[in-house]
Amino acid sequence: MVLILKEFILNDAIEEIMDNVRSVSAELDPENIEDMTRLLQTSKNVFVMGLGRSGLVARAFAMRLMHLGISVYVVGETTTPALTSEDCLLSISGSGETFSIISAANIAHKRGTKIIAVTSYVDSTLGEMADLVVHIKGRTKIDSEKNYITRQMNGKHQSLSPMGTLFEVTSLIFLDSLIAQLMVEMGKTEEDMKARHTVIE
């Protein structure tokens, strides 16, 4: 009986994540995506940044950009050079209010670096600072509502995906899908990317 209950919750959680991915996909603005891919291709260097699990998503995206032959750096690494006005900074923050992300965006703004924000809140501090914003929905504000009656009256139930999972997983899928778009636009094949894959592991 316990095993059946666990499987039921697991399947619901998967469906919730998939529904979020489908919802974000349906709402993407083609012009926005076109601007993003253009900026990634035309920037001298692309810098990526995120904290915690969002940081892991940023690193995964950086790896694929490198495979495409795009000059990319992860903010915080010892080999990361200075930002310039010819570069772009891609910042991933669900809330758009993470202190270190905002601090880095401020520096980028002062140096004339273009900023791409991947966030759940387009009207956040990061969203307002960015030259281009990609809206990736995560958990809604009602999910943080502790009052059971209030949640029920709003027709909302507690999310089965803990903390920032919806935002992080959806961001990963979005950015991996963006790589597929870049492959087509840049005329790159999987073989081209494999040729740039590390041989020292």
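One table, with the values for the structure above:
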item	result
Filtered residues of the range 115-149 (kept if open to solvent by 30 Å² or more (accessible area, probe 1.4 Å), at pLDDT below 95 and closer than 18 Å to L172 by Cβ)	K137, R139
Filter pass, T79 being more than 20 Å from V134 (Cβ to Cβ), open to solvent by less than 70 Å² (accessible area, probe 1.4 Å) and out of contact with any strand residue (DSSP E or B) (no Cβ under 6 Å at 6 or more places or on another chain)	no
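The values are calculated or read from the model by the stated rules, or taken from the named source; none is laboratory data. Keep in mind that what you see is a predicted model, and the values were worked out from it rather than measured. Positions of Cβ are generated from backbone atoms using ideal geometry, with glycine treated the same way; all protein chains shown enter the neighbour counts. With ligands, DNA and RNA removed, areas are computed over all heavy atoms of the protein, side chains included. Shrake-Rupley method; radii C 1.70, N 1.55, O 1.52, S 1.80 Å.
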